[in-house]
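Notes to accompany the following structure.
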Amino acid sequence: MWREKISSSSIAGRREILIASRNSRPSWFGLRLTSLLRGGPDRSAAKQATSTIPIVVPIVADPVGDGLVASLAHPGGNVTGLTPMTPDLSGKRLELLKETFPKISHVAVLYDPNDGATALDWKETEVAAGGLGVTLQSLEVTDPNQFGAAFAAMTSGRTNAFIALTHSFLTVNMRRLLDTATKSRLPGMYGQSLFVEAGGLMSYGPSYPDLSRRAALYVDKILKGAKPANLPVERPTKFELVINLKTAKQIGLTIPPNVLARADKVIR
């Protein structure tokens, strides 16, 4: 998506850009460069490799915790970009899950403890759970082979829904996670629409294509003379609720009409 934005903007005429992503080698355009990184190990490697070449990161959960910037408001170095994290987002997911399935009282939270954003996600979910009268079950997973045991722990207890926190580990192992979740027949909430498009039940979170488009605009600003140190790391402004009705039917669930009416995308 960010490649499309670059092609349609003034950036396209500049030969000063390095584009890198998690799944491809860098594409070089000229000798001077601005780095456009999609995330993953590349972003830290680029930061370590240079303190002068501007770097724009479209999607990074915890740029401060990862040591990429001094703060979101004042990056203070050669790195800036956008983060999908925003206050109360994890709590909002639990609220939507409870609204969709009012009878749920015990919700499992599936997460990777090695992810830097875990602590904030968990705290926000806890706060929301207290207000909704929901009991949380904490389930750590660091290996895809643990998915089976995690869902067995859910179904053997009182858990009647789950939330999968938005972490790179779960995204990388998405197919295996979704297959295990479907077998459990528990309603699940995800943080990215790509999980729902691949067979998950529902998601609420930032529009990642929108984040990528905005990152391309940051590259444009830098090429016109702006300094990354003076460009705040921006948070999402566009969010989307996505629901997969085919999955709901497969696991025997009904989505209320009022929730469907609020969805930005319904997969039928």
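Within 21 Å of the chain's Cα centre (by Cα) and not small (Gly, Ala, Ser), is that true of residue 159?
Answer is no for this residue.
Can you name the number of the only condition in (1) outside the structural domain of residue 67 (by TED's automatic domain parsing); (2) touching a Leu at 6+ places or on another chain (Cβ under 7 Å); (3) among the small types (Gly, Ala, Ser) that residue 215 fails?
The failed condition is (1).
Per-residue answers, yes or no, for (1) crowded, with 16+ Cβ neighbours inside 10 Å; (2) outside any helix (DSSP H, G or I); (3) in contact with a Gly (Cβ under 6 Å, 6 or more places away or on another chain):
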| residue | (1), (2), (3) |
| --- | --- |
| 159 | yes, yes, no |
| 175 | no, no, no |
| 179 | no, no, no |
| 203 | yes, yes, no |
| 214 | yes, no, no |
| 221 | yes, no, no |
| 249 | no, no, no |
| 260 | no, no, no |
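Taking the condition of being among the polar types (S, T, N, Q) and in contact with a Leu (Cβ under 6 Å, 6 or more places away or on another chain), how many residues in segment 78-94 meet it?
Selection size over segment 78-94: 1.
What number of residues within segment 233-247 are in a helix (DSSP H, G or I) and charged (D, E, K, R)?
Adding up the residues that qualify gives 1.
Based on this model, can you work out whether residue 144 counts as touching a Pro at 6+ places or on another chain (Cβ under 9 Å) and at pLDDT 95 or above?
no
Looking only at segment 141-157, count how many residues are within 27 Å of residue 85 (Cβ to Cβ) and part of a loop (DSSP other than H, G, I, E, B).
Within segment 141-157, residues that are within 27 Å of residue 85 (Cβ to Cβ) and part of a loop (DSSP other than H, G, I, E, B) number 3.
When segment 226-247 is examined, which residues are found to be closer than 24 Å to residue 104 by Cα and crowded, with 16+ Cβ neighbours inside 10 Å?
240, 241, 242, 243, 244, 245, 247
Determine if segment 190-198 includes at least one residue that is of a type in the set (A, V, I, L, M) and over 28 Å from residue 57 (Cα atoms).
No, every residue in segment 190-198 fails to be of a type in the set (A, V, I, L, M) and over 28 Å from residue 57 (Cα atoms).
For segment 70-90, which residues satisfy the criterion of being modelled with pLDDT of 95 or more and surrounded by 19 or more Cβ atoms within 10 Å (Cβ to Cβ)?
Passing the criteria: only 75.
Sort out which residues of segment 133-190 are within 23 Å of residue 103 (Cβ to Cβ) and among the charged types (D, E, K, R), and write them in order of number.
Hits for segment 133-190 are 158, 183, 185.
Which residue pairs have Cβ atoms closer than 8 Å, lie 6 or more positions apart in sequence or on different chains, and pair a first residue in segment 119-131 that is closer than 12 Å to residue 93 by Cβ with a second residue that is among the charged types (D, E, K, R) and in a helix (DSSP H, G or I)?
These pairs meet every condition: 125/93; 128/92; 128/95.
Results for (1) closer than 30 Å to residue 258 by Cβ; (2) assigned to a loop (DSSP other than H, G, I, E, B), shown as yes or no for each residue.
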site: 60; (1), (2): no, yes
site: 72; (1), (2): no, yes
site: 77; (1), (2): no, yes
site: 81; (1), (2): no, no
site: 93; (1), (2): yes, no
site: 103; (1), (2): yes, yes
site: 108; (1), (2): yes, no
site: 115; (1), (2): no, yes
site: 125; (1), (2): yes, no
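Return the residue satisfying two criteria in turn: it lies in segment 115-157 and is of a type in the set (Ser, Thr, Tyr) and out of contact with any helix residue (DSSP H, G or I) (no Cβ under 6 Å at 6 or more places or on another chain), and of such residues it is surrounded by the fewest Cβ atoms within 10 Å (Cβ to Cβ).
The qualifying residue surrounded by the fewest Cβ atoms within 10 Å (Cβ to Cβ) is 156.
The values are calculated or read from the model by the stated rules, or taken from the named source; none is laboratory data. The shown structure was predicted, so the numbers you read here are calculated from the model rather than taken from an experiment. Note that we place each Cβ from the backbone using ideal geometry, even for glycine, and neighbour counts take in every protein chain shown.
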